[in-house]
Amino acid sequence: MNTAPLYDTFGRLHDNLRISVTDRCNIRCFYCMPEMDAQYMPREEILSWEEMARVVRVAAKLGVRKIRITGGEPLVRKNLSFLIREINAIEEIEDIALTTNGVLLAAQAQELYDAGLRRLNIHIDTLDRAKFLKITRRDEFDRVMAGIDAALSTGFKVKINAVAVKNLVEEDIVPLARFGRERGIEIRYIEFMPLDSQGLWDKSKVLLQDDMLKMLEQGIGPLEEIPDRDPRAPASEYRFKDGIGQVGFIASVSKPFCMNCNRIRLTSDGKLRYCLFAIEETDLKGLLRDGSSDAAIADTIRENIRQKWVGHEINTVQFVAPPRPMHSIGG
Ligand code: SAM
Ligand code: SF4
């Protein structure tokens, strides 16, 4: 097997793999899924835990060190702790994190912790119950809040992901940051991206990082950018100058970070994607199921990364939204 590190043709090193373990979800955020009749892949198309763990083992030989589990909603799939344990046992893997909507977290937090998971991103855009219902179209606010409490009391390192949609969440930016400051949770504001299944996105609906920074400074107090952060991390992070808490921004629209991208993605149906916005995908499932060797899987991963483009073009007229919505790619 060729185990050389995964550089693309622009010199970017890839050591970060995001795995979407399911395309199913138990809520219906309007910027990700349709309200009714979500189209899910047939179960036989979905990789088994063993198949996913094998991909991680091969990727680890090629220099992948960080894994994020995502979805759909990863906690709706049974026995996720099995995958966590398998990945945790891979010597080269240094970090495993999970992104979840938190609805099922209170019931699973301890089991996930016992399997070796330590880092969680919990997704909630508002502390206003009525607005939560409007965004997610499911009445699960209490379970998400219970999930956050359970995560903290179990000992997880927690961040909150909040999607920033203009003319919708302006009033939630400051309360979320206050909530984070009280609990030692970093809030990560994510600019609304064109990955919704209903084609609702346009640039005028994106609440931008600079506007959120102003709101936070006016509502709470001065912020300063955190120095010496990992230049390949997608979030720009700021701390409150009073020493209490910090926030981060994933500004994919206003400040794209493609030139620092170190990520590859595996979808639940076994496709490799070199970008969240990629149009093309590379199939791994066929190789996983036809008796191909680890070396063949490694070559296919390498080839996918070799094809990686310089970056998405959200801000240009050339931009074409990918054919899959967010819940099926894995955010
Ligand atoms: N269900 C889990 C959750 O909601 O966290 C994991 C999968 S979800 C696709 C991953 C993240 O994508 C979410 O935390 C949410 O913040 C983000 N997200 C979903 N749709 C988005 C969109 N259209 N633009 C920006 N971020 C989005
Ligand atoms: Fe489900 Fe996450 Fe998509 Fe919301 S963002 S619909 S929780 S997959």
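Surface composition of the stretch 16-329: carbon plus sulfur atoms hold 49% of the accessible area, using a 1.4 angstrom probe and ignoring ligands, DNA and RNA. Annotation: lysines with alpha-carbon distance below 20 angstrom to Lys157 (same-chain offsets under eight excluded): Lys66.
Here the convex hull built on the C-alpha positions of the stretch 36-182 has a volume of 137 cubic angstrom per residue. Protection proxy ranking for 98-110, 245-257, using the average of other Cβ atoms within 10 Å per residue and placing the highest first: 98-110, 245-257.
In the chain, the longest principal axis of the Cα atoms and the axis of helix 294-306 are about 50 degrees apart. Considering the zone a paramagnetic label at Val310 would reach in this model (a point 7 Å from Cα along the Cα-to-Cβ line), which residues of the stretch 4-37 have amide N under 20 Å from it? Under cut-off, by backbone N: 7-14.
Estimated translational diffusion coefficient (Stokes-Einstein, Kirkwood radius over Cα pairs, 4 °C, 1.567 mPa s) of the stretch 99-203: 90 µm² per second. In this structure the amide hydrogen of Trp309, modeled in the peptide plane, comes within under 5 Å of no amide hydrogen from residues 5 or more places off or on another chain.
Most mobile of Gly71, Gly199, Gly291 per a Gaussian network model of the chain (Cα springs, under 10 Å)? Comparing Gly71, Gly199, Gly291 in the GNM, the peak value goes to Gly291. Distance distribution P(r), the stretch 151-298, all Cα-Cα pairs, bin width 5 angstrom from 0: 2, 8, 15, 17, 16, 14, 11, 8, 5, 3, 1, 0 percent. The lysine pair tally for the stretch 189-319, using Cα distances under 15 Å and a gap of 8 or more places or different chains, is 4. Shape descriptor for the stretch 16-329: Rg over Rh equals 0.94 (Cα atoms; Rh from the Kirkwood inverse mean 1/r). 3J(HN,Hα) along the stretch 86-101: 4, 5, 4, 7, 7, 4, 6, 6, 9, 8, 10, 9, 10, 10, 9, 7 Hz, from the Karplus curve 6.51 cos²θ - 1.76 cosθ + 1.60 with θ = phi - 60°, whole Hz, x for Gly and Pro. Comparing mean-square fluctuations of Gly243, Gly184, Gly63 from a GNM of the chain with C-alpha springs under 10 Å, the top value falls on Gly243. Take the chain with all the other protein chains still there, run a 1.4 Å probe, and you get 43 Å² of accessible area per residue.
The values are calculated or read from the model by the stated rules, or taken from the named source; none is laboratory data. Owing to the predicted nature of the structure, the values given are computational and were not obtained by experimental measurement. All Cβ positions, glycine included, derive from the backbone under ideal geometry; neighbour counts span all protein chains shown. In case anyone asks, the SASA skips ligands and DNA or RNA and just uses the protein heavy atoms, side chains included. Shrake-Rupley method; radii C 1.70, N 1.55, O 1.52, S 1.80 Å.
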